[in-house]
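Take a look at the structure set out below.
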Amino acid sequence: MAIRRRFVFSRAYQVFEEYCSESSVHGVRFFVGAHRSACVKCTWLVVFLLSLVGCGIMIQQAYDKWDRTPVIVTLSETPAPVWDMNFPAITICPEIKVLKEHYNFTQQFNALYAQTFKARKNARYRINVTEDSISKMKAIIHHCSGIYMNPGNFIFDYNHIPEPSLVDFLKSVSLDRRSVLTTCGSTSDNRCTNYMQVTLTNEGVCYSFNMLSQDEMFRDGVLHSEYKYLEDWDDDGKGMDDDDINGKDEGQGLLQVAGSGLDAAIGFIMTHYPLKVDTSCVRGRGYKLLIHEPTVYPDLSKRNIRLSVSQTLTIALKPNIMITSPVLAKYSAQKRQCYFEDEHPLRFFRHYNQDNCELECLTNYTLESCGCVHFSMPRANETSYCTLPQALCAANARSHLFIRKQTARNGSVDYLRQCDCLPACTSVRYDLQITEESHTEEREVRSTLVSEEELLRNLQLPVYSMMQIFFQDTHFIPAQRSEMHGMVDFLANCGGLLGLFIGVSLLSIVEGLYYILLRPINGDTTTDAEMIS
């Protein structure tokens with residue numbers, strides 16, 4: 001056995017010596033040779049090993065860079081015209097929620113307040129506010145500020161009185177859509193009300209322009225059947241006349257951008273009647289606006305623009321479009337930091353985007369925390385919406401989810417992160433340049449010069465608010481996610497480093513494999529008998 005081991009070792013050294021003498025790898029020929037001293041051989045061996053270590057470190061760095069940051073965001077080489085885009089959706093929410101002629105909330109609330117405290121002092125006192133009125137009052141308080149939902153509010157003494165059909169009632173007492181939005185026009189489409197819908201949002205009953213319909217927004221068979229979240233502008237139970245039917249283009253799709261500048265602007269005029277509205281439980285008398293993608297279901301609590309009464313807003317849009325190369329589909333969503341359309345399907349919404357995902361996340365979190373959801377949130381038949389005693393819980397759930405507190409950074413559960421709502425790989429955001437102009441000065445001057453009777457008559461006149469929205473430029477430059485370091489780039493880096501440090505190429509690797517695997521078998525060998533003799 002000792003003789004055999006000596007033979008194997010001798011044969012291996014012969015192959016190694018032959019490889020070092022004939023190899024194309026730099027420096028290895030100095031490892032062997034009877035005419036070279038041991039000092040020379042050791043010196044070259046140390047230099048070779050140091051070069052190999054340095055090459056390995058740099059290849060590891062190249063791999064880490066390829067693994068961590070395979071995606072780069074750059075600007076497109078060619079600008080795109082705005083008329084290839086759809087016009088953004090615009091959601092308008094009046095801050096006034098109730099018309100006095102539909103229900104006088106202030107009068108009924110003050111009466112119930114006074115009678116409740118009298119009844120608390122005198123057990124024999126009988127409250128003459130009807131249960132029907134109290135029921136309506138509780139429904140309207142869903143729109144009110146947080147102080148109305150304080151657990152100490154006297155209205156919670158009447159939790160035994162059921163609320164009406166909430167959404168139907170809120171729609172019945174809301175402002176008349178045609179009285180609020182008196183004019184909507186553009187040079188590209190004179191009947192832009194064809195693109196209007198009544199939308200149910202966290203701000204209550206709102207109006208959305210150029211947004212997907214309910215059938216296009218939500219998946220089939222997942223929503224309850226109690227009420228609609230998106231309702232056609234003319235679907236108010238009164239039917240449509242012949243002019244409306246002829247003017248309505250079935251399946252007309254979304255409105256496209258006609259051009260840039262004020263010549264291609266979309267304009268809205270909103271009307272406000274100061275004496276006809278109930279302002280008891282609202283913070284303002286103007287409008288909240290949200291400009292968003294047509295596929296996004298609006299959530300005005302996260303962001304909005306405010307338009308006060310007797311003011312004009314001129315909004316110039318500059319689109320920020322992010323597109324993603326299909327090549328990046330081979331990488332995980334976490335590496336490219338976005339989802340393609342079919343990668344992260346949502347339960348309720350047909351189209352994935354970050355806002356819809358976060359709305360579903362908020363819905364699930366509210367349901368988990370409160371056992372119910374806000375009436376504007378998508379829900380299934382088995383899920384109920386929050387009644388007034390549960391409304392404060394739903395409001396707190398929103399703040400807990402979207403406000404990252406210090407405890408969330410210290411290891412506690414971050415529910416929004418668990419929802420994994422990355423941006424969509426193709427998304428649109430808008431930079432807004434807003435110009436605001438007030439036209440109340442003349443009214444204020446006139447109010448100081450008239451009698452009380454004339455001032456009252458003036459308050460009966462409508463007050464107008466106006467808004468114009470247009471694209472600032474005819475062309476814009478999209479941003480694009482593309483592959484920064486692909487497999488070819490990584491191999492090229494490795495080949496360059498190997499060639500720089502030790503002169504190794506692909507053929508050098510094949511050469512090494514040949515001497516390791518095939519040369520000991522195919523070469524001349526000495527038999528055991530010859531070795532023994």
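For the reader, a short list of remarks on this structure follows.
- Cβ separations smaller than 7 Å between residues 6+ apart or across chains give the following pairs from segment 22-36 residues that are under 21 Å from R519 (Cβ atoms) and open to solvent by less than 40 Å² (accessible area, probe 1.4 Å) to residues that are small (G, A, S) and in a loop (DSSP other than H, G, I, E, B): V25/G503.
- Out of P94, P88, P79, one residue alone is closer than 30 Å to I291 by Cα and surrounded by fewer than 14 Cβ atoms within 10 Å (Cβ to Cβ). It is P79.
- The one condition from (1) over 30 Å from H351 (Cα atoms); (2) at pLDDT below 90; (3) outside any helix (DSSP H, G or I) that S482 does not meet is (1).
- Segment 403-420 - residue that is closer than 16 Å to E368 by Cβ and at pLDDT 75 or above and, of those, least open to solvent (accessible area, probe 1.4 Å): C419
- The residues in segment 291-318 that are closer than 25 Å to K228 by Cβ, in a strand (DSSP E or B) and not aliphatic (A, V, I, L, M) can be counted, and the count is 1.
- Within segment 282-316, being of a type in the set (A, V, I, L, M, F, W, C), surrounded by fewer than 19 Cβ atoms within 10 Å (Cβ to Cβ) and in contact with a His (Cβ under 9 Å, 6 or more places away or on another chain) holds for one residue alone: V282.
- P70 surrounded by 13 or more Cβ atoms within 10 Å (Cβ to Cβ) and closer than 30 Å to L212 by Cα: no
Okay, residues lined up against (1) touching a residue at least 60 places away in the same chain (Cβ under 8 Å); (2) under 14 Å from the mean Cα position of the chain (by Cα); (3) within 26 Å of G267 (Cα to Cα):
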| site | (1), (2), (3) |
| --- | --- |
| L289 | yes, no, yes |
| V296 | yes, yes, yes |
| A329 | no, no, no |
| D342 | no, no, no |
| E360 | no, yes, no |
| G371 | no, no, no |
| Q390 | no, no, no |
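- Qualifying residue in segment 319-332 (condition: more than 25 Å from C419 (Cβ to Cβ) and either buried (at least 16 other Cβ atoms within 10 Å of the Cβ) or touching a His at 6+ places or on another chain (Cβ under 7 Å) (or both)): yes
- Cross-chain or 6+ apart pairs with Cβ under 7 Å, segment 109-136 first and more than 24 Å from S280 (Cα to Cα), then assigned to a helix (DSSP H, G or I): Y125/K118; Y125/A119
- Positions within segment 338-364 being over 20 Å from E293 (Cα atoms) and surrounded by fewer than 20 Cβ atoms within 10 Å (Cβ to Cβ), in sequence order: N364
- Failed item in (1) of a type in the set (A, V, I, L, M, F, W, C); (2) farther than 30 Å from T474 by Cβ; (3) modelled with pLDDT under 90; (4) open to solvent by 30 Å² or more (accessible area, probe 1.4 Å), with V222 passing the rest: (3)
- Any hit, segment 134-142, residues being of a type outside the set (V, I, T) and modelled with pLDDT under 90: yes
- Among the residues examined, V504 does not qualify as of a type outside the set (S, T, Y), exposed (fewer than 12 other Cβ atoms within 10 Å of the Cβ) and either at pLDDT 70 or above or in a helix (DSSP H, G or I) (or both).
The values are calculated or read from the model by the stated rules, or taken from the named source; none is laboratory data. Everything quoted here is computed from the prediction, not taken from an experiment. Positions of Cβ are backbone-derived with ideal geometry, glycine not excepted, and every protein chain shown enters the neighbour counts. Note: areas computed on protein heavy atoms with side chains; ligands, DNA, RNA excluded. Shrake-Rupley method; radii C 1.70, N 1.55, O 1.52, S 1.80 Å.
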